[in-house]
Amino acid sequence: MKKKNLREGMVRKWVRAFKDGHTNVHDEERSGRPSVITEDLAQRVDEKVRENRRFTISSLYNEFPQVSRSVLYVIVTEHLNYHKVCSLWAGGKISMRMEFKN
């Protein structure tokens, strides 16, 4: 079994937080830079993907030059749940069974 070592500074931070009345160790929501990924953008990207399943991230970038390639990749893979299968992007979960015949 592998042991995890916590840094002393993190433990001290938790001890202070519990002394101040916090009841869990999870980080609270913080204000920060809002996500550039909106439902509208994800929907528009999905429409382009459905028009051409053999798209590339670069071809999507040509359609959406205001959005970086890395953000487009996150939209395609994490938000829309597409996966690359050979040269085609497929939606949903992929389960591949290979059967070999003698």
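Some notes on this structure:
- Taken over segment 41-77, the criterion of being assigned to a helix (DSSP H, G or I) and charged (D, E, K, R) is satisfied by Arg44, Asp46, Glu47, Lys48, Arg50, Glu51, Glu63, Arg69.
- The residue that is modelled with the lowest pLDDT, counting only those in segment 19-40 that are open to solvent by less than 100 Å² (accessible area, probe 1.4 Å) and either among the polar types (S, T, N, Q) or within 20 Å of His83 (Cβ to Cβ) (or both), is Asn24.
- Against the numbered list (1) among the aromatic types (Phe, Trp, Tyr); (2) open to solvent by 50 Å² or more (accessible area, probe 1.4 Å); (3) at pLDDT 80 or above, Tyr82 comes up short only at (2).
- Test: residue in segment 30-40 that is assigned to a helix (DSSP H, G or I) and under 30 Å from His79 (Cα atoms): yes
- One residue alone among Arg97, Arg16 is at pLDDT below 85 and open to solvent by 100 Å² or more (accessible area, probe 1.4 Å), and that residue is Arg97.
The values are calculated or read from the model by the stated rules, or taken from the named source; none is laboratory data. Predicted, not measured: the structure shown is a model, and the values here were computed from it. Cβ: placed from backbone, ideal geometry, glycine included. Neighbour counts: every protein chain shown. Calculation scope for accessible area: heavy atoms of the full protein, side chains included, ligands and nucleic acids excluded. Shrake-Rupley method; radii C 1.70, N 1.55, O 1.52, S 1.80 Å.
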